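Asks: Submitted below is the structure of interest, expressed as structure tokens.
Only the coordinates and a few stated rules stand behind these numbers; no lab work does. Worth saying up front: this structure is predicted, and the values here are computed from it rather than measured. Positions of Cβ are generated from backbone atoms using ideal geometry, with glycine treated the same way; all protein chains shown enter the neighbour counts.
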Ligand code: CP
Ligand code: NVA
């Protein structure tokens, strides 16, 4: 059966851990300029309904390193023809679809109608590739301690938070969502994860309590792509949740600061924090490349090196 990467729950924990080990290996190969053109002759189609820097670049660069080709389409799904028809055409030409969509249901529809793997490059609900890169980054920074750490996600309970919450199924870290009332994420998704992981997922509205003694402070924009019209309202609601130096001082002394980027400096994070030595945001961005290479290689069924 064709495997898609729509959610972190599409794979078992051993499979997720293996993809991360493969990503570390691929990073080493890349740094040593060792060849790994394992996807020679393969082609991927990138569909982007929304803007992107990191995701669009890293999927293309990754496929290039792996010896394959990329076709990029900036389009709105369902506008010119039905989403199933898009899937049924693309599967005749390419080996892989990577899609960034407004509506998560369009991603599911693509996956259900294509006999080739579909990768979620961000939807309104989830951003799994981002969280895989973030976990890779924390594994590099913390080693085994990653599994015992506490992460405070400060801000909107959005797509990035949801994928962090799903990662609780595969790892032992603890996650706190520190947010204003009414921004606690998708109720069904959060409840189903909470049932499984219990106290490892907590919601705080008191920002000081929420970040107290955490190992990682993570934030994201206050208004995600597609929510720009709510910006004025959200700016007021989220202002007390800005990650600044004072807030960082409540976390552990050497706590990491993380952000998926793009960042709105002076809003959800101050320049002082994002440019500080505690910030690992560019490591996260770099690791998008390596983890997505591991995801592509895995989905296309290539098992090149002895990683289990
Ligand atoms: N973090 C992330 O997905 O960045 P882009 O929107 O630039 O792809
Ligand atoms: N939550 C943000 C993430 C951007 C990478 C958005 O969806 O716009």
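Asks: So if I average 1/r over every pair of distinct C-alpha atoms in the stretch 121-257 and take the inverse, what Kirkwood radius in Å does that give? List each step's numbers first, then the result.
Replies: Details: mean 1/r = 0.0663 Å⁻¹.
Mean inverse Cα-Cα distance, inverted, gives 15.1 Å.
Asks: Calculate the all-directions average of the projected area of the stretch 146-185's alpha-carbon convex hull, and give it in nm². It would help to have the intermediate numbers written out before the result.
Replies: Details: hull surface 10.1 nm².
Mean shadow area of the hull around the Cα atoms is 2.5 nm².
Asks: Return the equivalent ellipsoid semi-axes of the stretch 84-142 as a descending list in whole Å, where each equals the square root of 5 times an eigenvalue of the C-alpha gyration tensor.
Replies: Details: eigenvalues 146, 35, 9 Å².
Semi-axes, largest first: 27, 13, 7 Å.
Asks: Using only the C-alpha atoms of the stretch 6-85, find the volume of their convex hull and express it per residue in Å³.
Replies: Values: hull volume 10.2 nm³, N = 80.
Output value, Cα hull per residue: 127 Å³.
Asks: Can you sort 272, 69 from fewest to most other Cβ atoms within 10 Å of each residue's own Cβ? Write out the running numbers ahead of the final one.
Replies: Working: 272 13, 69 16.
Listing 272, 69 from fewest to most nearby Cβ atoms yields 272, 69.
Asks: Quick check on the exposure proxy: order 241, 218, 282 from fewest to most C-beta atoms within 10 angstrom.
Replies: Values: 241 21, 218 25, 282 11.
Lowest count first: 282, 241, 218.
Asks: So what's the angle, to the nearest 10 degrees on a 0 to 90 scale, between helix 187-197 and the longest Cα principal axis of the chain?
Replies: In the chain, helix 187-197 runs at an angle near 80 degrees to the longest axis.
Asks: P(r) for the chain: what percent of alpha-carbon pairs falls in each 10 Å bin, starting at zero?
Replies: With 10 Å bins starting at 0, P(r) equals 6, 28, 35, 23, 8, 0.
Asks: Hey, another quick one. Let me know the Rg and Dmax you get for the stretch 180-292 when you use only its Cα atoms, in Å.
Replies: When restricted to Cα atoms, the stretch 180-292 yields Rg and Dmax of 14.9, 38 Å.
Asks: Let me ask you something else. In the stretch 44-96, if every C-alpha pair distance is counted and binned at 5 Å from zero, what percent goes to each bin?
Replies: Each 5 Å bin holds this share of Cα pairs: 4, 18, 27, 23, 18, 8, 1.
Asks: Label-point separation (nm) for residue 239 and residue 271, each offset 7 Å from Cα along Cα-to-Cβ?
Replies: Reported label-point gap for residue 239 and residue 271 is 2.1 nm.
Asks: For the stretch 182-225, just the Cα set please: Rg and Dmax, both in angstrom.
Replies: 12.1, 31
Asks: Using alpha carbons only, how many degrees (0 to 90, rounded to 10) separate the axis of helix 13-31 from the longest principal axis of the chain?
Replies: On a 0 to 90 degree scale, this one is about 80.
Asks: Debye calculation, C-alpha points only, no solvent: report log10 I(q)/I(0) for the stretch 18-137 at q = 0.18, 0.22, 0.23 Å⁻¹, in the same order as the q values.
Replies: The calculated log intensity ratios at q = 0.18, 0.22, 0.23 Å⁻¹ are -0.98, -1.35, -1.42.
Asks: Taking the Cα centroid of the stretch 214-268 and of the stretch 19-84, what is the distance between the two, rounded to the nearest whole Å?
Replies: Value for the Cα centre distance between the two parts: 28 Å.
Asks: Per-residue counts of other Cβ atoms within 10 Å, averaged by peptide: what ranking do you get for 142-153, 285-296, highest first? Kindly include the intermediate steps, with their values, before the conclusion.
Replies: Numbers: 142-153: 17.2, 285-296: 23.9.
My ranking of the peptides, most packed first, is 285-296, 142-153.
Asks: Using alpha carbons only, how many degrees (0 to 90, rounded to 10) separate the axis of helix 104-113 from the longest principal axis of the chain?
Replies: The angle comes out near 20 degrees.
Asks: What are the semi-axes of the equivalent ellipsoid of the stretch 228-290, taken as the square roots of 5 times the eigenvalues of the Cα gyration tensor, listed largest first and rounded to whole Å? Numbers along the way, then the final one.
Replies: Working: eigenvalues 94, 60, 13 Å².
Square roots of five times the eigenvalues give 22, 17, 8 Å.
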